[in-house]
Amino acid sequence: MNLITKILKPSLKINLNQAKEARKFFQTQRLNSFLKTKDTILSKSNSNFIAQKNIINEISTSNYMAKLNLRNLQQKPDQSSKNSLWYILSGFVFMIGASYAAVPLFKIFCESQGIDINTEFREMGIEELKKKLSSLKKVENRLVTVKFVASTSADLLWKFEPCQDEITVAPGETALAFFKAKNMTDRSIIGIATYSILPYDAGLYFNKIQCFCFEEQRLDPNEEIDMPVFFYIDEQYTEDPKLEYIDNICLSYTFFESKGEDNIQNG
């Protein structure tokens, strides 16, 4: 027994030493593995924390910007609404002023430019007018269609319309057209009309012998009248190169309410 112990004792010591060394090795490996795992977890935790922090900062910034934009949007409509209201009121006042100033300004312009040919015929005597009309030379190979348009200002409660849509005449030939006006109210109203001719170049050759423009027309309640327009197109119309292919002319009248004494008394 002692002999066996002597033989085995050295090997047992070696095995014990090896076991201790192995134990120390495994403990060291486990500790290193644990430390690496810990570092990895901490690193991931820090990364997640930083990412979460960035997300929170972005969300906070977005919320702040959204509130700021909302505040601006709430303020801007109020300001833009005020500006729009001022523009609308200014335009309304301008339109009212322009409607009352249109008639005298347009009359002054026409007379200064010699466009209101009607003035010339008003000053003629009967014999002189007959002589003027008898001297007209009708152009047989050219016809022009004159279209008629009627309108009223917003404050004039009249029904105003042409009695015919159009008339076809030759240059140098006289023609007669009629417009109808009716007072649709229960008070007397004085109206005054302006006119325009399109195209503008054709207006130089359009001569109104008798016309109701720039003359005050009084209509009693529900009264209706016919107003004539006696005109001709000068034969020189056919010699103007700008009108070579223009065979349609538009004669338009617009009636405005005149603020005369009669209207003031009725008001």
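Taking the stretch 120-175 only, how many residues are among the aliphatic types (A, V, I, L, M) and closer than 19 Å to TYR237 by Cα?
Here the count works out to 10.
Between residues in the stretch 128-141 that are closer than 10 Å to THR174 by Cα and modelled with pLDDT of 90 or more and residues that are aliphatic (A, V, I, L, M) and part of a loop (DSSP other than H, G, I, E, B), which pairs lie under 9 Å by C-beta distance while being six or more apart or on different chains?
As it stands, the answer is LYS138/ALA170, since those pairs meet every condition given.
Would you pick out the residues in the stretch 142-166 that are of a type in the set (Lys, Arg) and either open to solvent by less than 60 Å² (accessible area, probe 1.4 Å) or modelled with pLDDT under 90 (or both)?
ARG142
Looking only at the stretch 170-201, how many residues end up being more than 30 Å from LYS242 (Cα to Cα) and in a loop (DSSP other than H, G, I, E, B)?
5
Could you check, for the stretch 161-174, whether at least one of its residues is in contact with a Pro (Cβ under 8 Å, 6 or more places away or on another chain) and either among the polar types (S, T, N, Q) or touching a residue at least 40 places away in the same chain (Cβ under 8 Å) (or both)?
Our first condition is that a residue be in contact with a Pro (Cβ under 8 Å, 6 or more places away or on another chain); within the stretch 161-174, this holds for none.
The answer is no, given that none of the residues of the stretch 161-174 is in contact with a Pro (Cβ under 8 Å, 6 or more places away or on another chain) and either among the polar types (S, T, N, Q) or touching a residue at least 40 places away in the same chain (Cβ under 8 Å) (or both).
State all residues of the stretch 175-189 that are open to solvent by 20 Å² or more (accessible area, probe 1.4 Å) and in contact (Cβ under 8 Å) with a residue 40 or more places away in the chain; if no residue qualifies, say none.
LEU176, PHE178, LYS180, LYS182, ARG187
Modelled with pLDDT under 95 and more than 20 Å from VAL139 (Cβ to Cβ): does that describe TYR245?
Values: modelled with pLDDT under 95: yes; more than 20 Å from VAL139 (Cβ to Cβ): no.
No; evaluated as a whole, the condition is false for this residue.
Within the stretch 202-254, count every residue that is without any contact (Cβ under 8 Å) to a residue 60 or more places away in the chain, part of a helix (DSSP H, G or I) and open to solvent by less than 70 Å² (accessible area, probe 1.4 Å).
Number satisfying all stated conditions: 2.
The values are calculated or read from the model by the stated rules, or taken from the named source; none is laboratory data. Since we're looking at a predicted model, the values are computed, not measured. FYI the Cβ positions are ideal-geometry reconstructions off the backbone, even for glycines, and counts take in every protein chain you see. Surface areas here come from the heavy atoms of the whole protein model, side chains and all, with no ligands, DNA or RNA. Shrake-Rupley method; radii C 1.70, N 1.55, O 1.52, S 1.80 Å.
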